[in-house]
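Below you'll find the structure, written out as C-alpha cells, and then a few comments.
The values are calculated or read from the model by the stated rules, or taken from the named source; none is laboratory data. The structure displayed is predicted, hence computed values, not measured ones. In this analysis, Cβ positions are derived from the backbone assuming ideal geometry, glycine residues included, and neighbour counts consider all displayed protein chains. For the accessible areas, the whole protein counts, side chains as well, though only heavy atoms, and no ligand, DNA or RNA atoms are used. Shrake-Rupley method; radii C 1.70, N 1.55, O 1.52, S 1.80 Å.
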Amino acid sequence: MSFYSKISGLGFYVPETIVTNDDLSKQMETSDEWIIERTGIKERRFFTEGKDSVSSMGARAAKIALERANKTPADVDMLVFATLSPDYYFPGSGVLAQRELGLRQIPCFDVRQQCSGFIYALSLADQYIKTGSAKTVLVIGSEIQSNIMEISDRGRNMSVIFGDGAGACVLEAHTKKRKGLLSTHLHADGKYAEELMLQHPGSRKKKRVTQEMIDSGELLPNMNGKLVFMNAVKYFPEVIREALAYNNLKESDIDLLVPHQANQRITLAVQKEFGLSDDRVVSNIHKYGNTTAASIPIALTEAWESGRIKDGDLICLASFGSGFTWASALIRW
Ligand code: UT7
C-alpha cells in the first residue's frame with residue numbers, strides 16, 4: 001500500500017505584546033511611513049521573558065493543531081521543529097517541545113533552514129510518512145527574534161522587519177494519491193551564506209563572545225537586504241513553477257498562495273508574476289512582520305480559520321531566505 005500525507009490540523013500562537021512602528025520610532029531613527037512603504041509591516045509581536053520560549057510557543061501552536069486533528073500526544077510518532085532561534089545552543093527545541101507536549105520517546109528533529117525551515121520540515125515529515133515509517137507527525141515552526149535584533153539606529157535595518165511567533169501542523173498518513181501534500185521542492189545555495197547571517201556566537205572563534213564583538217555589533221544579525229530581495233523575487237516564482245510543472249498543473253490552478261511573509265513588496269512581485277488576485281494570496285505581514293520559520297504555518301492557519309481554504313483547493317506554499325534556501329509545497333486540500 002502506498003502512503004501519502006495530508007495536513008489534518010493547524011494551529012498558531014503569537015505572544016501578546018504588540019509593538020507598533022511608532023513604538024520602534026521612539027527608540028530609533030525610523031518612521032511608520034518608511035516601514036510600511038518598504039515592508040508592509042505595521043506591527044509585530046515580541047515575546048515575554050519567563051512566559052514565552054521558542055519551544056513553549058511551538059508547543060502551544062501544536063496543541064491547537066493536535067486538537068483540531070482529533071489527535072492526542074500519544075498518537076504522534078515524530079516531531080520536526082524548524083527554528084533559527086532555538087531555546088538553547090543544544091539540545092534543540094524539538095526535544096523541549098516534546099517534553100512540554102508529553103509526547104512518547106519518538107524521534108525529534110530540529111531543522112535549521114531559516115525562512116524555508118517550515119517547508120523543509122514538512123518535506124522531511126512527508127518522506128517518513130511516504131515510506132511508512134511514521135503515521136502522525138507534528139511539524140512546528142517557532143521563532144523568538146526580538147532578542148537577536150537591536151532596537152537602535154545600528155540595528156534598524158533588521159529590527160523593524162522581524163517578529164516572534166509560532167505555527168504548527170499535524171501531518172497524517174493517508175492513501176489517496178492526489179489529495180493532501182502533492183510535492184515539496186527544496187533548494188539551497190551556500191555561496192550566499194554570509195549575505196544573511198548571525199555569525200556569533202559560533203564555533204569558529206576560540207572565544208565565542210568577546211567584549212569587542214559586543215561593542216562592534218558583531219553579535220547582531222547581518223543582512224544584505226537588496227541582494228536578498230533580488231534573489232527572493234527570482235527564486236519564489238522559479239520554485240513555484242517547478243512544483244506546478246512536476247504535478248502537471250498550471251499557474252491558474254493555484255487557489256491560494258501562502259508565501260513566506262518576508263516583505264509585502266516581495267509578495268506583491270510574486271502575486272503580479274502569477275497574475276493572482278488579492279483573494280488568492282495570503283498576507284498577514286502587517287500584523288506580525290517576518291516570523292521566519294513560523295510565518296508560513298501562521299499564515300496558513302489564519303487562512304484556514306477564516307474559511308479561505310476549501311476542500312479540493314490547490315494551496316501553494318513558497319519560501320526564500322537565509323542560506324540561501326528556497327522551497328515550495330503544493331497541497332490539494
Ligand atoms: O525572510 C527573508 C529574509 N529577508 C528578506 O527577504 C528581506 C529582503 N530585503 C528587504 O526586504 C529590503 O531590502 C529591506 C526592507 C530590508 C530594505 O529596503 P530597501 O528598499 O532595500 O532599503 P535600503 O536598504 O536600500 O535602504 C534605503 C535607505 C537607506 O538610506 P540611504 O542610504 O538611502 O540614505 C537606509 O539607511 O533607508 C535607510 N534605512 C532605514 N530608514 C528608516 C534602512 N533601514 C531603515 C529603517 N528606517 N528601519
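Scoring Leu182 on the criteria (1) open to solvent by 20 Å² or more (accessible area, probe 1.4 Å); (2) in contact with a Leu (Cβ under 8 Å, 6 or more places away or on another chain); (3) away from the ligand (no atom under 16 Å from the Cβ); (4) farther than 30 Å from Cys316 by Cβ leaves a single failure, condition (4). The set of residues in region 240-266 being within 14 Å of the ligand (Cβ to nearest atom), open to solvent by less than 60 Å² (accessible area, probe 1.4 Å) and part of a helix (DSSP H, G or I) consists of Gln264, Ile266. Taking the stated definitions as given, is Ile144 within 16 Å of the ligand (Cβ to nearest atom) and of a type in the set (A, V, I, L, M, F, W, C)? So Ile144 fits the description; yes.
Listed here are the residues, each with its yes/no results for (1) within 30 Å of Asp22 (Cα to Cα); (2) within 16 Å of the ligand (Cβ to nearest atom); (3) β-branched (Val, Ile, Thr).
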residue: Ala173; (1), (2), (3): no, no, no
residue: Ala188; (1), (2), (3): no, yes, no
residue: Lys191; (1), (2), (3): no, no, no
residue: Leu196; (1), (2), (3): yes, yes, no
residue: Arg204; (1), (2), (3): no, no, no
residue: Ser216; (1), (2), (3): yes, no, no
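This table checks each residue for (1) of a type in the set (Gly, Ala, Ser); (2) surrounded by 18 or more Cβ atoms within 10 Å (Cβ to Cβ); (3) modelled with pLDDT under 95.
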position: Thr17; (1), (2), (3): no, no, no
position: Glu37; (1), (2), (3): no, no, no
position: Ile41; (1), (2), (3): no, yes, no
position: Glu49; (1), (2), (3): no, no, no
position: Met57; (1), (2), (3): no, yes, no
position: Glu67; (1), (2), (3): no, no, no
position: Ala74; (1), (2), (3): yes, no, no
position: Leu79; (1), (2), (3): no, yes, no
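Can you find a residue in region 158-165 that is within 16 Å of the ligand (Cβ to nearest atom) and either of a type in the set (D, E, K, R) or open to solvent by 50 Å² or more (accessible area, probe 1.4 Å) (or both)?
Looking through region 158-165, at least one residue is within 16 Å of the ligand (Cβ to nearest atom) and either of a type in the set (D, E, K, R) or open to solvent by 50 Å² or more (accessible area, probe 1.4 Å) (or both).
What do you reckon, is Lys176 out of contact with any strand residue (DSSP E or B) (no Cβ under 7 Å at 6 or more places or on another chain), part of a loop (DSSP other than H, G, I, E, B) and open to solvent by 50 Å² or more (accessible area, probe 1.4 Å)? The answer is no for Lys176.
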